Structures are given as C-alpha cells and as structure tokens.
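*Asks:* Below is a structure I'd like to ask you about.
The values are calculated or read from the model by the stated rules, or taken from the named source; none is laboratory data. The structure displayed is predicted, hence computed values, not measured ones. Cβ sites come from the backbone with ideal geometry, for glycine too, and all protein chains shown count toward neighbours.
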Amino acid sequence: MSYSSWFQTHGEKHKAIMDKLTHLSDDEVIAYFRFENMVEKEPDFCPLYKDHKKCHDMKELNCYLCACPNFRFDDEGFKKVEEKPSTPPAT
Ligand code: SF4
C-alpha cells in the first residue's frame, strides 16, 4: 500500500465516521477520536488497532488528525518502511 492510497482510503474512513457523529459538538468529536475509544468503536479505522498498538508512544494519542507523513506502509501489510532520501534535481 502506497502512502497516497493509504491516505485516500483513510480519508474516506474518516469521513464515514464524521458523517455519523454530526450530533456531537467539536469537543465530543475530538474525544471520540481518542485512541482508546477508536480501538473499541472503530476497529477498522487503523490497522494498528487490532494489536492495540499506538503509532506514537504518547499517553493521549488522538487519531483525528492522523495523516502523519512519517507513516509508510509496505505492500505486505503495515510495516513501517524507511523513506529513501530524495535526489536533488539536476542543475
Ligand atoms: S494516529 Fe496512529 S493509531 Fe491513530 S489512526 Fe493514525 S496511525 Fe492509527
């Protein structure tokens, strides 16, 4: 899975969740996207949820703004892969 295809799919899943939370306030929506709640209520949102594994080691991880360019998944799953350094344009 390339980053761009993951980004597209992830955005669509995010919109589907938002569409069903229209009755909540902004603060309640943000609270809904807390990692622990999302693992329970939206297990298909992120492949890391099934192992209850956070992408960042932080106590209060919120998945609302997830689209971190640090994530790169290989084609066999969701293993993080290293970005190759870009080559500067020829002059
Ligand atoms: S913030 Fe991390 S745990 Fe949450 S959806 Fe994004 S990658 Fe998954």
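*Asks:* If you check Ala16 against the conditions, is it closer than 23 Å to Ser2 by Cα, surrounded by 10 or more Cβ atoms within 10 Å (Cβ to Cβ) and over 11 Å from the mean Cα position of the chain (by Cα)?
*Replies:* On the way: closer than 23 Å to Ser2 by Cα: yes; surrounded by 10 or more Cβ atoms within 10 Å (Cβ to Cβ): yes; over 11 Å from the mean Cα position of the chain (by Cα): yes.
In short, yes.
*Asks:* Could you please tell me which pairs satisfy a Cβ distance under 7 Å, a separation of 6+ or placement on different chains, a first residue in segment 1-30 that is away from the ligand (no atom under 13 Å from the Cβ), and a second residue that is assigned to a helix (DSSP H, G or I)?
*Replies:* Here the result reads Leu21/Val29; Leu21/Tyr32; Leu24/Tyr32, each pair linking segment 1-30 to a residue that is assigned to a helix (DSSP H, G or I).
*Asks:* Next question, about the same structure. Pick from segment 19-41 the residues that are outside any loop (DSSP other than H, G, I, E, B) and within 13 Å of the chain's Cα centre (by Cα): which of them is surrounded by the most Cβ atoms within 10 Å (Cβ to Cβ)?
*Replies:* Filtering segment 19-41 down to residues outside any loop (DSSP other than H, G, I, E, B) leaves 19, 26-32, 34-41.
Now restrict to residues that are within 13 Å of the chain's Cα centre (by Cα): 34-35, 38-39.
Working: Arg34: 15, Phe35: 22, Met38: 20, Val39: 19.
So the residue we want is Phe35.
*Asks:* Collect the residues in segment 42-91 that are part of a loop (DSSP other than H, G, I, E, B), modelled with pLDDT of 85 or more, near the ligand (Cβ under 8 Å from one of its atoms) and aromatic (Phe, Trp, Tyr), keeping them in residue-number order.
*Replies:* Within segment 42-91, Phe45 is the sole residue that qualifies.
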